[in-house]
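Take a look at the structure below.
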Amino acid sequence: MMIEFLQTLGKNTRASFTKLGRATFFLIQTVSGTASVLPRPRLLLKQMYSVGVLSFLIITISGLFVGMVLGLQGYYTLSDFGAEETLGVMVAASLVRELGPVVSALLFAGRAGSALTAEIGLMKATEQLSGMEMMAVDPIKRIISPRFLAGLLSMPLLAALFSAVGIIGGQLVGSGLLGVDEGAYWSQMQANIDFQDDIINGVLKSLVFGFVTSWIALFEGYDSVPTSEGVSRATTRTVVNSAFSILGLDFILTALMFGDD
Amino acid sequence: MQHTNTQDTLVGLFVAAGIAGLFFLSMQVSNLSSFTEHDSYTITARFENSGGLKVKSPVSAAGVKIGQVTGIRFDPKTYQSVVSLSIDVQYNNLPEDTTASIFTAGLLGEQYVSLEPGGSDDFLKNGGNIEITQSAIILEKAIGQFLFKSAEEKAEGKKK
Amino acid sequence: MDKSVSPQNSLVSVRHLTFTRGDTKIFDDISMEFERGKITAIMGPSGTGKTTLLKLIGGQLFPNQGIINIDNKNVHQLRRADLYSLRKRMGMLFQSGALLTDMNVYDNVAFPLREHTHLPESMIRTLVLMKLQAVGLRGARNLMPNELSGGMARRVALARAIALDPMMIMYDEPFTGQDPISKGALVHLIKSLNNTLGLTSIMVSHDVQETTAIADYIYVISGGKIVGQGTPQEIKQSTSEWVQQFMTGAADGPVHFHYPAKDYVDDLLSSGKRY
C-alpha cells in the first residue's frame, strides 16, 4: 500500500518534470521562432485579430462593470471616514495595480487561451501540424510563434483598456450617481497614482501574464493527446493552469514591485 | 480580399484603442502630466521636523497644487530637515517672506507642504530659501500635549 | 532481396528497420525497396503501423535500428535544414487530407508555393489553377475545407502535395472511407499523376481491389514482419495462407475471428460468478 503510493508519487513527479522540460524546450523554440514572424507582419496581424480583437468586447464590458462596482463599494466604505474625495485614488489604484492586469489576464485565459489550445489541439488531431512538417514548413515558426507574439502584445493593451474603462465606470457611478465631486475624483487620482510605480508596473505585470498565458495555452494545445477527448482536457488544463500561474505570479510580482514603498 | 481588409481595420482599431487606454492612464490618471508638462524651479525650506513628508508629496498654495517635494535630507550641523521643493515656473512670483508649513490632508491623509505668501516685493528665485517655516504637527506629540494640559487643568481645578 | 527490385534503381530503401513503441515492436528488422517511377504499395491489416512507416520515411519519427535512404541520403542523419529541403521534394497525402482549416481550397494549394517560393501572385495563381485542374476541382477553389466531402478534401490535398512538383508522393490510406465513385476517381488520379509526372509513389492501404489495380509492387506486412511481396499477380497467387486470407478477406484463417479466450463451452458452463 505504502510502496504503491510512493510509486505513484514518483511516477507523477517524473511525469511533471518531463512535461516541464518539454514546455521549456517548446518555449525556447517558440521565442526563437518569433524572429521569423517579424518579416511577415500579416501572420501576426491575423492572430492579433483572433487573440486581441475577439477579446476586446468581454474585456471592456467586464472592465466597465468592475469599475462601477468599485465605485459603489469604495464610496460606501470611504464615506464612513468622510473620505469620498479619495474614491478616484481607490478605484484607480486597485484597477491599475491589481484588477486590471489580473482580471483581464484571467478573462484572456478563458477567452483567448482556451481558444488557442483548442485550435492547436485540433490542428494536431487533424494532422495539420504533421502535414505542415511534411511540407517542410516548421509549425512552430508558422503557427505557434505568431500566436505567442500576438498574445504577448495584446495582453498589455487589453489590461490598459480594462483599467481605463473601469476608471471611467467608477467615475460614472461615483460622481454621476453618488455625488462625489468630479474634480476631486480626478485630481486626487492624479496626485496619488504614480506613473513609474503604478502604471509602468501594471503594464509589466500584464506583459508577464500575457507571456505565461500564451505559453501555457499554446503548449497545452501542442502537447495534447490528438483526440477529441485529449483536446478538451487540454483546454481545461489551460484555463486552470493559467489561473494558478496568474494569481501566483501576481503575488510574487506585487511583493517585488510594491514591497519597498 | 474584402475579408482581410476588415480584419486589418479591426486590428488597427484595437491597437489604437489599447494605446489610447495606455495614454489615458499615463496622462489622465497618473501624475505623469504634472511634472513633465512644465519647467520648474527649486527652492529649499528648513524645518525643525518634516514628519511624514515624502519625496513627491505635493506642494500647494491656497489649496492649489503648484509643485512637489523633490528631496528631503538631514542637516547634521543644524539638526534640521532640509526639504527641496520643485515649483512650477508659472508660479515664479512667490514673495521672499513666504511661509512654508507642513499640514496633513484630512485626519488620515498624507502630509503636504503649504506655502503662504508674505508681503515682500522681492520674489523667490531658483535655489532660493524659505526662512519662515512651521514644522509638521506630530500627532503623538499633539495628543501628548493635550493630555498633559488637561491633566494640569484638572489638577489646578482640584486645588481651587 | 527479391530479384524484381534492383536496389540501384530504388529511390527509397529501407534496410533492417526496427521500430518499437513502448514494449511493442511495430517493425522487426524489415527491408524494402521503392523503385523510381513506380507505385509501390504496403498492405496489411489496420494497426500494423503502416502510417508509422510513412512517418519514418518522412523523418518525423526515428527508428530504433536500421537505416532509411532516400535518393542515397540517410534521412535520419540529415541536418534539419537538409531534411527540410528534402521534404520539399516529397509530397504526403494524409488520411484526413490535413488541409489547413482556416484557409480556402485555393490558399491551401498555394500554401507550399507561398511558403517556399517568392513567385509573384499571378504565377502562383496559374500554378494553383493548373494543380486544381489536374485533380478536377478548379471550380471548388473558393470552398472552405469543411465544405468539402472526404474525397474532395483528399483530392485538394493531392493538388497541394504536387504543388512543388515533388519527386515522390506518399499516400496514407487514400481509399479508406470513400464511396465507390470517389475511390475510382482517386485510383485514376494516383495512376495518371504517377505516369504523367514521373513520380515515385509509396502507398499504404488495406483496400485490396484498388491497390492491386494500380500498384506495380506490393509488400504485405503483419506483426512487424513482411509476410509477402511481389507484383499484384504474384501476391494473388501467393501460397501463404495469411496472404490469401488478407487478399480474399476471409473471416477466419491464420488470423482468427475470435479474440483469444478460453474454451467456449467451459466458459458457459463455469459457475455463475459475477465479474
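The values are calculated or read from the model by the stated rules, or taken from the named source; none is laboratory data. Every value quoted in this text rests on a predicted model; they were computed, and no experiment measured them. Here the Cβ is made from the backbone with ideal geometry for all residues, glycine too, and neighbour counts use every protein chain on show. In case anyone asks, the SASA skips ligands and DNA or RNA and just uses the protein heavy atoms, side chains included. Shrake-Rupley method; radii C 1.70, N 1.55, O 1.52, S 1.80 Å.
Between chains A and C, what is the buried accessible area summed over both chains (1.4 Å probe, protein heavy atoms, nearest 100 Å²)?
1800
Run the helix sum for chain A: -39,500 (n - 2.57) per DSSP H stretch of 4+ residues, divided by residue count, reported at 222 nm to the nearest 500 deg cm²/dmol.
-25000 deg cm²/dmol
Counting each DSSP H run of 4 or more residues in chain B as -39500 (n - 2.57), what helix-only mean residue ellipticity at 222 nm follows after dividing by all residues, to the nearest 500 deg cm²/dmol?
-10000 deg cm²/dmol
Based on the Cβ-Cβ distance of residue B:89 and residue A:196, what FRET efficiency does E = 1/(1 + (r/R0)^6) give at R0 = 25 Å, to the nearest 0.05?
Numbers: r = 23 Å, r/R0 = 0.92.
Working from the Cβ atoms, E equals 0.65.
So, with a 1.4 angstrom probe, what is the percent of accessible area on segment B:39-145 that is carbon and sulfur?
On the way: 3230 of 6110 Å².
Carbon and sulfur atoms account for 53 percent of the accessible area of segment B:39-145.
Show me you know the interface measure: the accessible area buried between A and B, both chains summed, probe 1.4 Å, in Å² to the nearest 100.
About 2400 Å² of accessible surface is lost on pairing.
Please give the residues of segment C:15-36, grouped as numeric ranges, whose backbone N is less than 14 Å from a label point set 7 Å along the Cα-to-Cβ vector of residue A:25.
none
Percent relative contact order of chain A, based on C-alpha pairs within less than 8 angstrom and at least six residues apart?
Over chain A, the number comes to 31 percent.
How far apart, in nanometres, would the label points at residue A:178 and residue B:79 be if each is projected 7 angstrom from Cα along the Cα-to-Cβ direction?
4.7
Loop only by DSSP, 16 or fewer other Cβ within 10 Å of the Cβ. Give me the GluC sites (Glu not before Pro) in segment C:19-117 that pass, ordered by residue number.
Nothing satisfies the criteria.
On a straight-distance basis, which aspartates and glutamates could pair with residue B:77 in a cross-link, Cα separation under 13 angstrom, same-chain partners fewer than 8 positions away excluded?
Output for residue B:77: B:48.
Amide H to amide H under 5 Å from residue C:203: which residues, 5+ apart in sequence or cross-chain, H placed 1.01 Å off N in plane?
Answer set, sorted by chain and number: C:40, C:41, C:42, C:171.
So what is the 222 nm mean residue ellipticity for chain C from helices alone, if each DSSP H run of at least 4 adds -39500 (n - 2.57) and you divide by all residues, rounding to the nearest 500 deg cm²/dmol?
-10500 deg cm²/dmol
I'd like the distance between the alpha-carbon centres of segment C:194-258 and segment A:115-158, rounded to an integer number of Å.
Cα centroid to Cα centroid, the span is 38 Å.
For the protein assembly as shown, what is the percent of antiparallel DSSP beta bridges, rounded to the nearest 5?
Numbers: 47 of 73 bridges.
Given both bridge residues lie in the protein assembly as shown, the antiparallel proportion sits at roughly 65 percent.
What's the angle, to the nearest 10 degrees (0 to 90), between helix A:145-171's Cα axis and the longest principal axis of chain A?
Between the helix axis and the principal axis of chain A, the angle is about 20 degrees.
What ³J(HN,Hα) values, in whole Hz, does the Karplus curve 6.51 cos²θ - 1.76 cosθ + 1.60 give for segment C:244-255 when θ = phi - 60°, with x put for Gly and Pro?
4, 5, 5, 6, 8, x, 6, 5, 10, x, x, 8
Roughly how many Å is it from the Cα centre of segment B:140-158 to that of segment C:51-89, as a whole number?
95
So, in nm, how far is label residue A:9 from label residue C:176 when the simple model puts each one 7 Å beyond its Cα toward the Cβ?
4.3
Averaged over its residues, how many other protein chain Cβ atoms are within 10 Å of peptide A:163-171's Cβ atoms?
Partner Cβ neighbours, averaged per residue: 3.
Pop a pseudo-label 7 angstrom from the Cα along the beta-carbon direction at both residue B:131 and residue C:80 and give the gap in nm to one decimal.
For the pair residue B:131/residue C:80, the computed spacing is 7.6 nm.
Report, to the nearest whole %, how much of the accessible area of chain C belongs to carbon and sulfur atoms, 1.4 Å probe, protein only.
Taking all protein chains in place, chain C shows 52 percent carbon and sulfur surface.
With the radius of gyration and the Kirkwood radius both derived from the Cα set of the protein assembly as shown, what is their ratio Rg to Rh?
Value, to two decimals: 1.19.
How much of the accessible area of segment A:41-255, probe 1.4 Å, is carbon plus sulfur, in whole percent?
Its accessible area is 69 percent carbon and sulfur atoms.
What is the distance in Å between the Cα centres of segment C:96-129 and segment A:12-67?
When both Cα centres are located, 26 Å separates them.
For peptide B:7-19, what's the mean number of Cβ atoms from other chains within 10 Å of each residue's Cβ?
Working: counts 6, 5, 1, 7, 12, 3, 2, 12, 7, 1, 10, 13, 4.
Averaged over the peptide's residues, the number is 6.
Under a 5 Å amide H to amide H cut-off, with H placed in plane at 1.01 Å, what residues pair with residue C:92 once short-range neighbours are removed?
Here the answer is C:170, since their amide H atoms fall under 5 Å of that of residue C:92.
Considering only Cα-Cα distances, which of the following residue pairs are longer than 22 Å: A:46/A:141; A:141/C:131; A:205/B:56; C:38/C:73; C:38/C:88; C:50/C:225?
Check vs 22 Å cut-off fails for A:141/C:131; A:205/B:56.
With +1 on each Lys and Arg Cβ and -1 on each Asp and Glu Cβ, and nothing else charged, work out how big the dipole of chain A is about its Cα centre, in Debye to the nearest 20.
Here the size comes out at about 1460 debye.
Of the chymotrypsin sites (Phe, Trp or Tyr not before Pro) in segment B:57-125, which ones lie in a loop per DSSP and count no more than 15 other C-beta atoms within 10 Å?
B:79
Relative contact order for segment C:7-243 using alpha-carbon pairs under 8 Å, separation at least 6, rounded to a whole percent?
Values: 426 pairs, mean separation 63.8, N = 237.
27 percent.
Just going by the charge dipole of chain C, with Lys and Arg at +1 and Asp and Glu at -1 on Cβ, which of C:95, C:81, C:133 is farthest out on the positive end?
Result: C:81.
Through the Karplus equation 6.51 cos²θ - 1.76 cosθ + 1.60, θ set to phi - 60°, convert the phi angles of segment A:11-22 into ³J(HN,Hα) values in whole Hz; use x for Gly and Pro.
Calculated HN-Hα couplings, in order: 4, 5, 4, 4, 4, 5, 5, 5, 5, 4, x, 4 Hz.
Can you list the residues, at least 5 places off or on another chain, whose amide H is less than 5 Å from the amide H of residue B:110, using H built in the peptide plane?
The list, which skips near neighbours in sequence, is B:105.
Using Cα-Cα distances under 8 Å and only pairs 6 or more residues apart, what relative contact order does segment A:17-144 have, in percent? Provide the component values of the computation, followed by the final result.
Details: 45 pairs, mean separation 44.0, N = 128.
Relative contact order of segment A:17-144: 34 percent.
With charges set only on the Cβ (+1 for Lys and Arg, -1 for Asp and Glu), what does the dipole of the protein assembly as shown come to about its Cα centre, in debye to the nearest 20?
Value, rounded to 20: 2360 debye.
Excluding residues on the same chain fewer than 8 positions from residue B:141, give the lysines whose Cα lies under 24 Å from its Cα.
B:54, B:149, B:154
Give me the 1.4 Å probe accessible area per residue for the protein assembly as shown, excluding ligands and nucleic acids, in Å².
So the protein assembly as shown comes to 51 Å² accessible per residue, rounded to a whole number.
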